[in-house]
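Undergrad: Structure in structure tokens, see below.
The values are calculated or read from the model by the stated rules, or taken from the named source; none is laboratory data. What you are looking at is a predicted structure, and each value in this text was computed from that prediction instead of being measured. Cβ: placed from backbone, ideal geometry, glycine included. Neighbour counts: every protein chain shown.
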Amino acid sequence: MKLTLFIADVLTTGQITVDQQEETDADNEQDTAISLLQQFYQQDRLEMPAAAPEFDWEAAYWAAGYLYQAIILTVNRDADPDTIKEQLKPYPGTMHAGAIYSADLILRHLTRLLHLVKGLAPADILVQELNATAAIWPFSSVGIELNNVTNEELIFLHPSLRTAYVDRIIAAKDRKRADSPMVMEQIKATAGEYMNRIWPEAELIN
């Protein structure tokens, strides 16, 4: 399955399966993949609180390729550490609100994949690499137990991302994320007097 078909499956069914016998898209198919991502962005942004960040095709396309390769490596358990590092290249662009949200169109499935990989081989180098990526993209990795995350300040600078991020943390009851005073302040502001009903344990975190 080529990357465009992978993207279509993920966006329409939420399934993250690949045919490891196929290669990712050739350069001349990149436009098709980006078009699919942009179409989904136009739909998904309607569900975001307030005005969603702008579409960043480079971040969205990178995230699709990254998750595609991560799934292939999950299936191919014979890959050596050098191959894993080579295939899972970090995002080369600038991190900003548009990049965070655009990557999330696909990267939001990272949590489910990482839980699967941890179940197969908790100490695997692939787990370490995926954890490192999850820490860099906290908006997309709620529910993954991480000691440290970066770029949260960029999320909190954008009203739409901030609200959606806090909603995800509450829904996942992610205690690690809520341990941050900045995050907890927003959780309390969001939940208000319904905190005890929505997440009673949250009061014990800080």
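Undergrad: Out of region 107-128, which residues are under 15 Å from Arg45 (Cβ atoms) and of a type in the set (A, V, I, L, M, F, W, C)?
TA: Filtering region 107-128 for residues under 15 Å from Arg45 (Cβ atoms) gives 108.
Within region 107-128, none qualify.
Undergrad: If you go through region 133-164 one residue at a time, how many are under 20 Å from Ile198 (Cβ atoms) and touching a His at 6+ places or on another chain (Cβ under 9 Å)?
TA: 1
Undergrad: For the structure I just gave you, tell me whether Leu107 is at pLDDT 95 or above, on the phi < 0 side of the Ramachandran plot and either crowded, with 21+ Cβ neighbours inside 10 Å or among the β-branched types (Val, Ile, Thr) (or both).
TA: Working: at pLDDT 95 or above: yes; on the phi < 0 side of the Ramachandran plot: yes; either crowded, with 21+ Cβ neighbours inside 10 Å or among the β-branched types (Val, Ile, Thr) (or both): yes.
Here the answer is yes, as Leu107 does meet what is asked.
Undergrad: Any residue in region 153-179 that is touching a residue at least 40 places away in the same chain (Cβ under 8 Å) sitting within a Cβ distance under 8 Å of a residue that is among the aromatic types (Phe, Trp, Tyr) and assigned to a helix (DSSP H, G or I)? List the pairs, counting only those 6 or more apart or interchain.
TA: Pairs found: Ile155/Phe139; Ile155/Tyr165; Ser160/Tyr101; Leu161/Tyr101; Leu161/Phe139; Ala164/Phe139.
Undergrad: Another one. State the number of residues belonging to region 159-192 that are under 17 Å from the mean Cα position of the chain (by Cα) and not in a loop (DSSP other than H, G, I, E, B).
TA: 15
Undergrad: If you don't mind, there's one more thing I want to ask. Counting just the residues of region 166-198 that are crowded, with 19+ Cβ neighbours inside 10 Å and among the β-branched types (Val, Ile, Thr), which one comes out nearest to Val142 (Cα to Cα)?
TA: Here the answer is Ile169.
Undergrad: Still on this model: Taking Thr74 as meeting all but one of (1) surrounded by 14 or more Cβ atoms within 10 Å (Cβ to Cβ); (2) farther than 18 Å from Ala134 by Cβ; (3) of a type in the set (Ser, Thr, Tyr), write down the number of the exception.
TA: Result: Thr74 passes all but (2).
Undergrad: Could you say whether any residue in region 41-54 is crowded, with 20+ Cβ neighbours inside 10 Å, modelled with pLDDT of 95 or more and within 15 Å of the chain's Cα centre (by Cα)?
TA: Scanning region 41-54, I find at least one residue that is crowded, with 20+ Cβ neighbours inside 10 Å, modelled with pLDDT of 95 or more and within 15 Å of the chain's Cα centre (by Cα), so the answer is yes.
Undergrad: Follow-up. Go through (1) surrounded by 15 or more Cβ atoms within 10 Å (Cβ to Cβ); (2) among the small types (Gly, Ala, Ser); (3) more than 17 Å from Ser140 (Cβ to Cβ) for Gly119 and report which single condition fails.
TA: Against the list (1) surrounded by 15 or more Cβ atoms within 10 Å (Cβ to Cβ); (2) among the small types (Gly, Ala, Ser); (3) more than 17 Å from Ser140 (Cβ to Cβ), Gly119 comes up short only on (1).
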